[in-house]
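Remarks on the structure that follows.
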Amino acid sequence: MLDVLFINPASHAKIYQGLADEYSAIETPTWSLLLAESMRSVGYKVSIFDPLAERLSIEQSLERIKSIDARILCFVVYGQNPNSGTVNMHGATLLANAIKDEGINTPIVFVGSHVNALPLEVLNNEKSIDIVLCNEGVYSLRDLIKIDISNEKELSEVDGIGFRKNGKPYLTKPGKIVPQDRMDIDLPGYAWDLLPYKEKPLDLYRAHFWHAEYQHENRTPFAAIYTSLGCAFKCSFCMINILNRNDNDPIGAANKYSKMRFWSPELIIKEFDKLVDMGVRTLRLSDEMFLLNKKYYVPLCKLLIERGYGDILSMWAYSRIDTVKDSEQLSLIRKAGIKWLALGIEAANKKVRLEVTKGKFEDVNIQEVVKKAHDNDVEIIANYIFGLPGDNHETMQETLDLSKDLCTVAWNAYPTMALPGSALYKEAVEKGYKLPSDYSGYSFHSYDTQPIPTDELKPSEILRFRDQAFNEYHTFQPFLDRVREKFGDTAVNNILEMTKVKLQRKLLQPDYKD
């Protein structure tokens, strides 16, 4: 019998609409991999079920689960974007409900950013969920497996969980996250060998379209990996740090729990060794702030260079514009195989940008940062947000104009969403803003997406601007010329084919009124 079956739920079709089949990424389930390796490192039997990667229906997933004898079914509900923990609750709850309807009595545990942000609400609304883990869940899960889960008294003694006590949602004492000095011990790597594949390891996973230089055949095999957890900053639109929470507030706000932890470069390089041996050449470094701490990223980059991985890997990493410092830094990461930086530029207008990037922030010349990267042969995937507090039509146009001026070979923009776990969500609730009625409404790409308004902009105006800006940029001739120069005619043709996929939006229907 398995102790825990970790489940990575599927929601792609409704969330990404017409982009789901060919264009959206399918990432390795990071936290399923981490939790599985953590549990088996202390002697427990575990497995990973990934219906997203295998493209299984609810009915097919049910048949698979019925064939597996496990003490706990643990739904690990994260995803490849900051909003995905909430968005993927859509598919997760559909499958959990189906499991209960089928009469399967195995306890269902949920862990992820959404249940961390709103644990009491989840327990109140989702009757198929028996237990929620209220942070990353490493220690809570180990404690759960030791007890009789049907016994409320024993459950009450497990820190960091939520369940129904006497029929009502109840939270135990806050649990602890893995401390820095135990990262290599209690989160000792990734259970890559437990992932499904068709013909060779990791061939069911695919990179972002731009990361593969807009060539479909370059997208697999693919993997995503953290070298650190959390973020040192307190941006109001972000919910990344909700996993660090250490209280029982009904609505958690991630900017209260800003914290970073790091694995040793020596442990992480062993994970790279495994992935290279499995044939992976396209990798995402999922760290929120890879370039923040030289103590960790410099030794890791040097190890990658020593092994010659910089010559065979194509990787990308996140960075804020104020953490890209100099050519020496850029030259180092490029030699290590990091060919792309995902820059959180967010907005062109300085006032708008500084308002939401709380904490220490060095205002920099964005054009100089991007030019410096390009001069060191590092490409940029530029990230922008439309509809930030303080935005109006003019400032959003400033952002679009800046993006054209920078003319990066990859471009991404979202409408501002009040993501559960972010300070903006708590503020939106307090102000009575209209929020999505379904988990899928928190998707940037879904039909029922629901941005929050600004003082001057309606949600529909923000969404219309974003969708028009996406097509305007991806058909912008200087952008296409630069892509052609870097990646060839096929890449340009693939981009133009992608722009033919039109997202349907409820807010933009003729009869809709904000």
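The values are calculated or read from the model by the stated rules, or taken from the named source; none is laboratory data. Not measured: the values here are computed from a predicted model. Cβ coordinates were reconstructed from backbone atoms using ideal geometry, including for glycine residues, and neighbour counts include every protein chain displayed. Accessible surface areas use protein heavy atoms only, side chains included; no ligands, DNA or RNA. Shrake-Rupley method; radii C 1.70, N 1.55, O 1.52, S 1.80 Å.
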If you go through Lys404, Lys426, Lys350, the only one that is out of contact with any Gly (no Cβ under 7 Å at 6 or more places or on another chain), without any contact (Cβ under 8 Å) to a residue 40 or more places away in the chain and open to solvent by 10 Å² or more (accessible area, probe 1.4 Å) is Lys350
Here the qualifying pairs (Cβ atoms under 6 Å; residues six or more apart or on different chains; first in region 131-151 and within 21 Å of Pro250 (Cα to Cα) and in contact (Cβ under 8 Å) with a residue 24 or more places away in the chain; second open to solvent by less than 10 Å² (accessible area, probe 1.4 Å) and of a type in the set (Phe, Trp, Tyr)) come out as Ile131/Phe163; Val132/Phe110
Restricted to region 181-197 and to residues being without any contact (Cβ under 8 Å) to a residue 40 or more places away in the chain and outside any loop (DSSP other than H, G, I, E, B), the residue nearest to the chain's Cα centre (by Cα) is Asp193
Picked from region 273-289 (must be modelled with pLDDT of 95 or more and not in a helix (DSSP H, G or I)), the residue most open to solvent (accessible area, probe 1.4 Å) is Arg281
Ser236 vs (1) modelled with pLDDT under 90; (2) of a type in the set (Gly, Ala, Ser); (3) part of a strand (DSSP E or B): all pass except (3)
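Could you list, in sequence order, the residues of region 331-345 that are assigned to a helix (DSSP H, G or I) and crowded, with 22+ Cβ neighbours inside 10 Å?
Selection gives Ile333 alone.
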| said: Within region 198-219, does at least one residue satisfy the condition of being closer than 18 Å to Gly137 by Cβ, of a type outside the set (D, E, K, R), touching a residue at least 60 places away in the same chain (Cβ under 8 Å) and out of contact with any Asp or Glu (no Cβ under 6 Å at 6 or more places or on another chain)? | reply: no
Selection from region 206-251 of residues among the small types (Gly, Ala, Ser) and within 20 Å of Pro179 (Cβ to Cβ) yields Ser228, Gly230, Ala232
In region 300-330, anything modelled with pLDDT of 90 or more and open to solvent by 50 Å² or more (accessible area, probe 1.4 Å) is listed as Lys302, Ile305, Glu306, Arg307, Asp311, Ile312, Ser327, Glu328
How many residues of region 152-171 are open to solvent by less than 10 Å² (accessible area, probe 1.4 Å) and free of Cβ contacts under 8 Å to residues at least 24 places away in the same chain? The answer is 1
Flag if Tyr414 is under 28 Å from Asn241 (Cα atoms), open to solvent by less than 10 Å² (accessible area, probe 1.4 Å), among the aromatic types (Phe, Trp, Tyr) and not in a helix (DSSP H, G or I): no
In the set Asn383, Asn376, Asn293, the lone residue that is within 29 Å of His474 (Cβ to Cβ), touching a residue at least 40 places away in the same chain (Cβ under 8 Å), under 23 Å from the mean Cα position of the chain (by Cα) and surrounded by fewer than 23 Cβ atoms within 10 Å (Cβ to Cβ) is Asn383
Could you tell me whether region 356-366 includes any residue that is open to solvent by 30 Å² or more (accessible area, probe 1.4 Å) and not in a loop (DSSP other than H, G, I, E, B)?
no
message: Based on this model, can you work out whether Lys270 counts as closer than 23 Å to Lys200 by Cα, more than 18 Å from the chain's Cα centre (by Cα) and open to solvent by 40 Å² or more (accessible area, probe 1.4 Å)?
response: yes
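From the set of residues in region 126-148 that are under 22 Å from Gly103 (Cβ atoms) and open to solvent by 10 Å² or more (accessible area, probe 1.4 Å), which is farthest from the chain's Cα centre (by Cα)?
In this case the residue turns out to be Asp148.
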By residue number, the members of region 10-54 that are among the charged types (D, E, K, R), in contact with a helix residue (DSSP H, G or I) (Cβ under 8 Å, 6 or more places away or on another chain) and either open to solvent by less than 30 Å² (accessible area, probe 1.4 Å) or on the phi > 0 side of the Ramachandran plot (or both) are Asp50
Only unsatisfied item for Ser150, checking (1) of a type in the set (Gly, Ala, Ser); (2) out of contact with any Phe, Trp or Tyr (no Cβ under 9 Å at 6 or more places or on another chain); (3) more than 24 Å from Leu2 (Cβ to Cβ), is (3)
Test: Thr220 is of a type in the set (S, T, N, Q) and either open to solvent by 60 Å² or more (accessible area, probe 1.4 Å) or in contact with a helix residue (DSSP H, G or I) (Cβ under 6 Å, 6 or more places away or on another chain) (or both): no
Only one of (1) modelled with pLDDT of 90 or more; (2) closer than 30 Å to Thr454 by Cβ does not apply to Leu292, and that is (1)
Going through region 249-267 in order, the residues found to be in a loop (DSSP other than H, G, I, E, B), surrounded by fewer than 20 Cβ atoms within 10 Å (Cβ to Cβ) and modelled with pLDDT of 90 or more are Ser264
Leu229: passes all of (1) surrounded by fewer than 23 Cβ atoms within 10 Å (Cβ to Cβ); (2) closer than 23 Å to Tyr296 by Cα but (1)
